[in-house]
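The values are calculated or read from the model by the stated rules, or taken from the named source; none is laboratory data. All values derive from a computational prediction rather than experimental measurement. Cβ coordinates were reconstructed from backbone atoms using ideal geometry, including for glycine residues, and neighbour counts include every protein chain displayed.
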Amino acid sequence: GAVVSQHPSWVICKSGTSVKIECRSLDFQATTMFWYRQFPKQSLMLMATSNEGSKATYEQGVEKDKFLINHASLTLSTLTVTSAHPEDSSFYICSALGRGYNEQFFGPGTRLTVL
Amino acid sequence: QQQVKQSPQSLIVQKGGISIINCAYENTAFDYFPWYQQFPGKGPALLIAIRPDVSEKKEGRFTISFNKSAKQFSLHIMDSQPGDSATYFCAASSGSSASKIIFGSGTRLSIRP
C-alpha cells in the first residue's frame, strides 16, 4: 500500500519559535494533502487542504498566517507553525491522496510540545 | 449538519466477543463512510469503508452495517482480540475520498484477555 511519512515524529520547542513539519508520500505522487490536528483523547480536526502548486484551503477558525502550508511538489507538503505557543501543542497528522487511489493515506503523526 | 456522532465513547469487551460501535450522520450528501483504527501515538489507518448503495460490507472479522433511511452505520468486530484494542473513528465524506473527511469523536476499545 501507499506510504506516507512525517518528520519529525516529535518536537519540543520554546514558546515564540517556529516549527516545520514535513509530510512525504514515499511511493506515490500526492495530488492532494490534508493536515489534521488531534488533541489528547479527541478526534482529528481538519486544518487545511493543499493541492500541489496552489495555495492551501484552510478550514474555518484556522489561522492561515500561523499555520503556513506549502505543497511545492507531488511528494512533499510542509506545515510551519509560526510563533508557537503552548496551546499549539498537539498531534499533527497529514494524509495524502494520489492518482489512481480512492482513499487518503495517513502519516504517523508529529507530536509538538511547546514549552 | 457536518457532524458525525459516534457512540460509545469507550467500550470494554471480553476476548472472543463482539464489539459494536455506532455512528449517525445528518448530511445526506455524505456518500463515503470509512472506519479508521488508531493506536496510541500513531496516525489512523483505514480499516473498512462503505458507500450507501449497499447495506453491509464484510472484510474478515470486521463488518459495516449501513442503514441509509436512518442515517446510521455501525462497525462490528467479531471474535474480538486483545490486538484490536485501539481507538476507532467512524467518518464520512461526500463526492469522493478527495473530499474532506469528517471524523466522529472516537471510541476507545479495550479487549480483555
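So which residues in the range A:85-102 are out of contact with any Cys (no Cβ under 8 Å at 6 or more places or on another chain) and closer than 15 Å to A:Thr49 by Cα?
A:Tyr92, A:Ile93, A:Ser95, A:Leu97, A:Gly98
Take the residues in the range B:22-48 that are surrounded by fewer than 19 Cβ atoms within 10 Å (Cβ to Cβ) and of a type in the set (Gly, Ala, Ser); name whichever of them is modelled with the lowest pLDDT.
If we take residues in the range B:22-48 being surrounded by fewer than 19 Cβ atoms within 10 Å (Cβ to Cβ) and of a type in the set (Gly, Ala, Ser), then B:Ala29 is modelled with the lowest pLDDT.
Under the condition of being in a loop (DSSP other than H, G, I, E, B) and more than 14 Å from chain B (Cβ to nearest Cβ), which residue from the range A:58-82 is farthest from A:Thr17 (Cα to Cα)?
A:Leu74
Cβ-Cβ under 6 Å, sequence separation 6+ or interchain: first residue in the range B:1-22 and of a type in the set (Ser, Thr, Tyr), partner surrounded by 12 or more Cβ atoms within 10 Å (Cβ to Cβ) and in a strand (DSSP E or B). Which pairs?
Taking only residues 6 or more apart or on different chains, the pairs are B:Ser7/B:Asn22; B:Ser10/B:Arg108; B:Ser19/B:Val13; B:Ser19/B:Ile77; B:Ser19/B:Leu109.
Hey, among the residues in the range A:83-114 that are assigned to a loop (DSSP other than H, G, I, E, B) and farther than 18 Å from A:Gln38 by Cα, which one's farthest from the other protein chains (Cβ to nearest Cβ)?
Once the filter is applied, the top-ranked residue is A:Ser83.
Need the failing condition index for A:Ser73 against (1) under 14 Å from the mean Cα position of the chain (by Cα); (2) surrounded by fewer than 16 Cβ atoms within 10 Å (Cβ to Cβ), just the number.
Here A:Ser73 meets the rest and fails (1).
Report yes if some residue within the range A:11-25 is more than 24 Å from B:Phe39 (Cβ to Cβ), of a type in the set (Lys, Arg) and assigned to a strand (DSSP E or B); otherwise report no.
Yes, that holds for at least one residue.
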